[in-house]
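Below: the structure, in structure tokens.
Bear in mind that the values in this text are calculations on the coordinates, not laboratory data. Remember, it's a predicted structure, so these values are computed and weren't measured experimentally. Reconstructed Cβ throughout: ideal geometry from the backbone, glycine too, with neighbour counts over all protein chains shown.
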Amino acid sequence: MAVGIVTSSLAAAVISAAFMLGLCILSFVNYRLEDRYISGVTDDLSKLCDNLITLEDKTIFPENEDILLSKLQNKILKLVRILKKKNEDSEKEHENIKSLVSDISHQLKTPIANLKMYSEFLNDDEITEIQRKEYISVISLSVNRLNFLSESMIKISRLESGVIQLQPEIQNLNETVLIAIKDIFTKAKAKGIQITYMGENVDVFHDRRWTSEAVFNLLDNAVKYSCEGTEISISIKQFGMFASVEVADENAPIPKEERSKIFSRFYRGSNSHNTEGIGVGLYLVREITVKQGGYMNLKTSDKGNAFSIALLCH
């Protein structure tokens, strides 16, 4: 009987020891698995951080699993996309600034060179009175060109940078156009150019000050490149949700290959080399129009060119 009890106790002890050993083995295995899992997760998190540093839009964890790591990954990838977009915008802005500086430098060369050269000519005591007047006239033109360039660049930079916010509201487009016609009338009359106007009485969503500036630039371009004794017509027409202001001249039609370029900053067409200008008028018109939710159009024919801006009606 005693032997049986001893044997039973020994078996229980062996079973208990085996059970404890099994628990220890399981704990060790579980620890090793957890250690590997944690190491793996840590390595994956490190890769995810590398994505943020290098701005790579690359997934590490499964996207379709509703776990904390996937949610964290989505947030980081969203941040990567935002940062990439900001970098692209910054590079684009940097390129725009470089282009602008290059364009301004190019535009400044001629008037500054003229100012320097003709100022030196005026120091010559042997020049005639006729020559003196001619040199002063060239200097005056150069100063006017520099003044016009600086004013135009201020307008462009303020519009592009958002320093000036257009404030469109529903108001009469006819009254806005009449402001521009009044401002250009004297210049057109001095050149013997007749301006005819036909306008519908329509209310349009627009900023009066800047829209009249845009219409004036269209008229100024038409007057500048028109021959004496010709006619410029301006009209307002409503169609659907839009109303358009069209300025038509009797100039030589703009060549087909230049029509997509004429709205670029400082671009001057082949028929404009003999006319004073710097090529910012149409660029300003487009900027003002687009910022008000409108668009520009150009139609050419044997009779001339017709520029128009279309704006939303109320």
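Over all Cα atoms in the range 169-312, the spread is summed up by Rg and Dmax: 14.2, 41 Å.
Once both labels are positioned 7 Å from their Cα atoms along Cα-to-Cβ, the gap between Ile179 and Lys109 label points is 3.8 nm.
Within the range 176-230, the GluC sites (Glu not before Pro) that combine a DSSP coil assignment with at most 10 other C-beta atoms in a 10 angstrom radius are Glu228. As a rough footprinting exposure proxy, the listed residues Asp302, Asp220 were ranked by other beta carbons within 10 Å of their own, and the order from fewest upward is Asp302, Asp220. Ordering Cys313, Cys227 by the number of other Cβ atoms within 10 Å of each residue's own Cβ, fewest first, gives Cys227, Cys313.
Dipole orientation for the range 162-220: of the candidates Thr176, Asn217, Ala188, Ala188 has the Cα lying most toward the positive pole (charges on Cβ; Lys, Arg +1; Asp, Glu -1). A Förster distance of 41 Å, applied to the separation of the beta-carbon atoms of Asp302 and Glu151, puts the FRET efficiency at 0.70. Given their separation in residues at 0.36 nm each and the Cα-Cα distance between them, Lys58 and Lys116 gain 15.0 nm when the chain is fully extended.
Extending 7 Å from the Cα toward the beta-carbon at both Gln238 and Asn74 defines two label points whose distance is 4.9 nm. Only residues of the range 238-254 count here: report those whose backbone N is under 17 Å from the spot 7 Å along Cα→Cβ of Cys227, or say none. The answer is 249-254, whose backbone nitrogens lie closer than 17 Å to the label point.
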